[in-house]
């Protein structure tokens with residue numbers, strides 16, 4: 001009798017706990033997001049101070065000024081516009097010009113993106129640097145929102161995705177993350193009903209291929225042949241356009257110095273505390289655990305293979321399209337050896353999409369997932385260990401557990 005009464009009490013306490021948790025979840029989300037949004041607005045507002053007779057400040061780094069990742073894009077666009085596209089992959093020339101364009105105190109950042117990315121950044125170099133940053137930011141947001149709307153996403157999902165901590169951090173950096181994350185989600189969502197749009201959007205991600213590693217796996221698994229053909233056509237067009245506009249030497253420089261710089265960035269950035277705090281990959285996590293370079297590379301390779309297999313299986317299952325897209329976006333973060341939390345925009349959009357499917361029923365774990373790009377540097381600073389891949393893996397596990405699986409969905 002006492003055992004039955006004890007079970008009843010525990011059951012009642014569990015119900016009370018669920019009520020409290022469900023009541024507190026949204027306020028906690030709003031408060032934590034509001035804290036991060038205030039920091040974002042403060043940093044972005046400070047950039048208005050750059051429009052002054054004194055000129056550009058460079059001592060308010062990191063990224064309280066536009067002198068962050070976007071400065072690399074703008075400089076590369078300037079060099080391309082002046083017929084020096086191949087020189088963007090020369091570290092000595094790039095850093096020398098950087099000091100002349102900005103300041104000796106500017107961070108020694110390098111350009112290592114594929115040549116089609118120069119086609120994307122070159123038009124913005126025609127504007128003064130400070131104005132160009134704001135035009136770039138607005139253009140990224142409008143293009144991302146437009147793609148997601150064409151793909152059929154709810155307006156609230158788009159708003160939550162593009163105002164997520166991952167998106168805000170990407171915008172503060174002036175990075176491609178907002179555009180590429182939206183393109184990944186929109187392209188995969190539309191692959192069955194709008195294969196042409198899907199292919200063009202996904203093919204355009206050749207500008208940052210590490211963000212789209214698993215999209216081909218998903219499309220081949222689901223036999224989305226028209227979308228695959230369109231993506232190949234879009235990618236080939238951008239390659240040929242870069243050769244015609246910028247010249248073949250730019251590809252020679254990229255295949256030489258560009259890839260070497262990419263490898264250097266992969267190996268060294270996780271060792272820099274300021275960069276490591278915003279890391280993303282399994283490779284970064286392994287290095288933070290002091291596993292050594294070769295062991296970290298092996299672990300990353302094993303997880304990447306597992307991510308490929310899980311993506312293939314998910315897209316051959318009877319899961320709903322939104323769940324397949326979410327899993328591909330999540331697993332893409334585990335597959336890439338290089339990246340930061342600014343890569344988590346597609347992940348954030350996918351989380352909002354899944355919450356919308358559940359009638360916006362969320363719990364604290366959902367809140368942690370969505371806020372993680374803001375929490376990651378805080379946790380790293382306190383522990384010295386990067387656990388972002390663990391958080392992403394939990395999001396994969398939870399999505400997989402919640403998703404119904406049955407017959408293979410028709411291509």
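The values are calculated or read from the model by the stated rules, or taken from the named source; none is laboratory data. Everything numeric in this text was worked out from a predicted model, so none of it was measured. As a convention, Cβ positions derive from the backbone with ideal geometry for all residues, glycine included, and neighbour counts pool all protein chains shown.
Residues that are over 20 Å from residue 40 (Cα atoms) and out of contact with any helix residue (DSSP H, G or I) (no Cβ under 9 Å at 6 or more places or on another chain) within the stretch 348-382 comprise 359, 382, listed in sequence order. Among the residues of the stretch 340-367, those that are crowded, with 20+ Cβ neighbours inside 10 Å and either closer than 23 Å to residue 208 by Cα or at pLDDT below 90 (or both) comprise 340, 341, 342, 343, 344, 345, 346, 347, 348, 349, 350, 351. Note on the stretch 93-115: among residues that are closer than 27 Å to residue 240 by Cα and in a helix (DSSP H, G or I), the one that is modelled with the highest pLDDT is 115.
Restricting attention to the stretch 368-400, the residues that are part of a helix (DSSP H, G or I) and closer than 23 Å to residue 328 by Cβ total 20.
Does the stretch 76-89 contain any residue that is surrounded by fewer than 17 Cβ atoms within 10 Å (Cβ to Cβ) and at negative phi? Taking every residue of the stretch 76-89 in turn, at least one turns out to be surrounded by fewer than 17 Cβ atoms within 10 Å (Cβ to Cβ) and at negative phi.
Please work out if residue 30 is at pLDDT 85 or above, out of contact with any strand residue (DSSP E or B) (no Cβ under 9 Å at 6 or more places or on another chain) and either at positive phi or surrounded by fewer than 17 Cβ atoms within 10 Å (Cβ to Cβ) (or both). The answer is yes for residue 30.
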